[in-house]
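Peer 1: This structure is in structure tokens; I'll ask about it shortly.
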Amino acid sequence: MQQLAFELALPARPSFDNFAPGMNREVLAILSAWIANDIDERSIYLWGQPGCGKSHLLLATVDLARARYGSAVYLIGDEVAGLELDGALPALAAIDDAQNMCTASQAAFFRLFQTLRENHTRLLVAGDAPPAVLTLREDVRTRVAAGLVFQLHLLSDQEKAEALINHARARGFALASEAADYLLRHSRRDLASLMALLDAADRYSLQSKRPVNLPLLRDVLQLAQTRRTTDQRG
């Protein structure tokens, strides 16, 4: 069970394939077409509440850009201030948590935006609010809004349950709807944590030769909570 608890902390690398789109299917399709050069736009801004999938899509897009073009960078908020623009530019720069950019990072973002525009490379930005209400410099807000802007929506509980059931099916086992509902009621509700927990339950099921049902899920949740408590105590 120690190995199980450890693996709970290692969710799968974000990708377009393991993103549950819900109401965000159009955004997913646009990002795929954008990276494939089927959309002639230099910048995209994604905004929405925590847990709606912004970071997942940024990381997945960065990985695709690296695979296709060889270079891409992912930065969070204040990390923008440390970005060096000398030398070869990345094919894609992804800026997460843009609302947290400090004064120095906002100045660096302004320079980055201008440089990427002049060199016809891509900029993907995410924040927690529409551009007009971000607490950033006016000239930064204007540039954030200069390209395509999309709101990401949270998954409903039904959509999360369906994502868990589909994920289980892809791993080769059936997850009953009541088992999916149980996970939603008794564990962390963000989809990445739910998927990691389900993956751990699958491994534990194979180790213990038991089906993934409500009794096994109760055991897994209890053991995971015990391990977290132990880790917190040091």
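Every read-out reported here was derived from the displayed coordinates using simple, explicitly stated rules and does not represent laboratory data. As the structure is a prediction and not an experimental result, all values here were calculated from the model. As a convention, Cβ positions derive from the backbone with ideal geometry for all residues, glycine included, and neighbour counts pool all protein chains shown.
Peer 1: Which one of 30, 55, 145 is farthest out on the positive end of the charge dipole of region 22-151, using unit charges on Cβ (Lys, Arg +1; Asp, Glu -1) and the Cα centre as origin?
Peer 2: It is 30, whose Cα lies furthest towards the positive end.
Peer 1: A further question follows. At a 10 Å Cβ-Cβ cut-off, how would you order 113, 173, fewest neighbours first?
Peer 2: Going from least to most buried by this count: 173, 113.
Peer 1: Run the numbers for residue 151 and residue 221: contour at 0.36 nm per residue of separation, minus the present Cα-Cα distance, in nm.
Peer 2: 21.9 nm
Peer 1: Per residue of region 154-164, in order, report the coupling 6.51 cos²θ - 1.76 cosθ + 1.60 (Karplus, θ = phi - 60°) as ³J(HN,Hα) in whole Hz, putting x for Gly and Pro.
Peer 2: These are the phi-based 3J(HN,Hα) values: 5, 6, 6, 4, 5, 5, 5, 4, 5, 5, 5 Hz.
Peer 1: What is the local net charge at residue 60, summed over the other residues whose Cβ is closer than 10 Å to its Cβ (Lys, Arg +1; Asp, Glu -1)?
Peer 2: -1
Peer 1: Now for a separate question. Listing 140, 62, 149, 133 from the residue with the fewest other Cβ atoms within 10 Å to the one with the most, what is the order?
Peer 2: 133, 149, 140, 62
Peer 1: Explain nothing, just compute: Karplus ³J(HN,Hα) = 6.51 cos²θ - 1.76 cosθ + 1.60, θ = phi - 60°, for every residue of region 194-208 in order, whole Hz, x for Gly and Pro.
Peer 2: Per residue, the Karplus-derived 3J(HN,Hα) values read 5, 5, 4, 5, 5, 4, 5, 5, 5, 5, 5, 4, 5, 5, 8 Hz.
Peer 1: Can you pull the Kirkwood radius for the chain, inverse mean 1/r over Cα pairs, to one decimal in Å?
Peer 2: Roughly 19.4 Å, rounded to one decimal.
Peer 1: Mind putting together the pair-distance distribution for region 22-151? All Cα pairs, 5 Å bins, whole percent per bin, short to long.
Peer 2: Spelled out bin by bin, region 22-151 gives 2, 11, 24, 26, 21, 12, 3, 0, 0 percent.
Peer 1: Could you work out the local net charge near residue 72, counting Lys and Arg as +1, Asp and Glu as -1, over the other residues with Cβ closer than 10 Å to its Cβ?
Peer 2: +2
Peer 1: What's the exposure ranking of 86, 38, going from fewest to most Cβ atoms within 10 Å?
Peer 2: Taking fewest neighbouring Cβ atoms as first place, the list is 86, 38.
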